[in-house]
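Scroll down for the structure; my scribbles are underneath it.
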Amino acid sequence: MGRAIWKGAISFGLVHIPVAVYPAEQDSGIDFDWLDRRSLDPVGYKRYNKRTGKDLKPEDIVKGVKQPDGDYVVVAEDEIKAAFPASTQTIEIDAFVKASEIPLTVFERPYYTEPAAKAERVYALLRAAMSDADVVAIARVVMHTKEHLAVLVPSGPMLVLNTIRWASELRPTDGLKIPGQGLPTPALKPTERKMAAQLVAEMTSAWKPSNYTERFSTSIRALIKKKVAAGDAQHVEPLEAAPGERAPSNVVDLTELLAQSLAGHRPARAGAATTGAKRTHQRAVRERGRARARP
């Protein structure tokens, strides 16, 4: 698991649960190096003194806040921890809410929490109480000199800490043209809604993360392998088909596309569901024929 990036305590009411926090993310993509296009020499990220031009060691770099008169106030992370021991060492729970009330757009980065020695019982108690009530906890935590809003989520045997965006960090949607906001709400036919609901039902399954893997990196590696085999030729044959032209989004085409989607996604089994889909498709075809026949 590596080193803990934060140590402190989860606090709710008068209860404190000492925990360590570990990153839950790991990078599975391809690490592209920056290169000079002319010579393919590596391009580095250089930290240097802008006045003298001399390179700097990481330990010689500090953080400072510029003042109106041009001076800087240097504040070390240790100073911040010493001045604000509670804020920097506590995951302070403000409230418990239903997970469904939190929009997915605010979720940012997950972390695993691990109870310290002798804190296992109260850690398990909080997780169990939250699971029984079907709630998550909204909390505040300071990491790397920055305060984050976060949500504690019971997940299996552990509590996962996920930082979330502040409301002020999300752009308003007023300028977007969406059906029902800036655009008129289109009239949906009962046949379309029924077929769309049937397609959603056919494609609904239990969430199994192991069923989903990152495929694009594999494709990139195949492209790199092909370029090597071709002697780094300029022209490389595509490794996947380009998306075809899409049909205009009118009612007749939408009905036909839904019917084709149902036929394509349905598992190969006979029965009432398949028969119902065929009848729905036949009705759609008849409706399209009648629509074309009308003057």
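Near Thr105, once Lys and Arg are set to +1 and Asp and Glu to -1 for all other residues with Cβ below 11 Å from its Cβ, the sum equals 0. Local charge for Val135 was computed over the other residues whose Cβ lies under 15 Å away, with Lys and Arg +1 and Asp and Glu -1, and equals -2.
Computed from label points 7 Å out along Cα-Cβ, the spacing between Thr173 and Asp69 is 4.9 nm. Geometric descriptor of the range 164-227, per residue, is 264 Å³ (volume of the convex hull of the Cα atoms). For the range 118-220, applying the loop criterion from DSSP together with a ceiling of 13 other beta carbons within 10 Å to the chymotrypsin sites (Phe, Trp or Tyr not before Pro) yields Trp166, Trp207, Tyr212. Only Lys, Arg, Asp and Glu carry charge here, each on its Cβ (+1 for the first two, -1 for the last two); on that basis the range 92-238 has a dipole of about 480 debye about its Cα centre.
When the charge dipole of the range 16-161 is built from unit charges on Cβ atoms (+1 for Lys and Arg, -1 for Asp and Glu) and taken about the Cα centre, the candidate among Val151, Pro42, Ile80 whose Cα reaches farthest toward its positive end is Pro42. List the pair-distance distribution P(r) of the range 105-212, using every Cα-Cα distance, as the percent of pairs falling in each 10 Å bin from 0 up to the bin containing the longest distance, rounded to whole percents. In order of increasing distance, the bins hold 11, 24, 26, 25, 11, 3, 0 percent. Peptide packing for 134-146, 101-113 was compared via the average number of neighbouring C-beta atoms within 10 Å per residue; ordered from the highest value, the list is 134-146, 101-113.
Please work out the FRET efficiency for the pair Gln260 and Lys146, using the Cβ-Cβ distance as r and a Förster radius of 51 Å; give the result to the nearest 0.05. Each step should come with its number before you reach the end.
Details: r = 50 Å, r/R0 = 0.97.
After rounding to 0.05, the efficiency reads 0.55.
Rg/Rh for the range 35-148 stands at 1.14; both radii use Cα atoms, and Rh follows the Kirkwood definition. Under 23 Å of direct C-alpha separation, and excluding same-chain neighbours fewer than eight residues apart, Lys54 reaches these lysines: Lys46, Lys63, Lys66.
Computed from the coordinates by the stated procedures, all read-outs in this text should not be read as laboratory data. The structure displayed is predicted, hence computed values, not measured ones. Ideal geometry is used to build each Cβ from the backbone, glycine not excepted, and the neighbour counts take in all protein chains shown.
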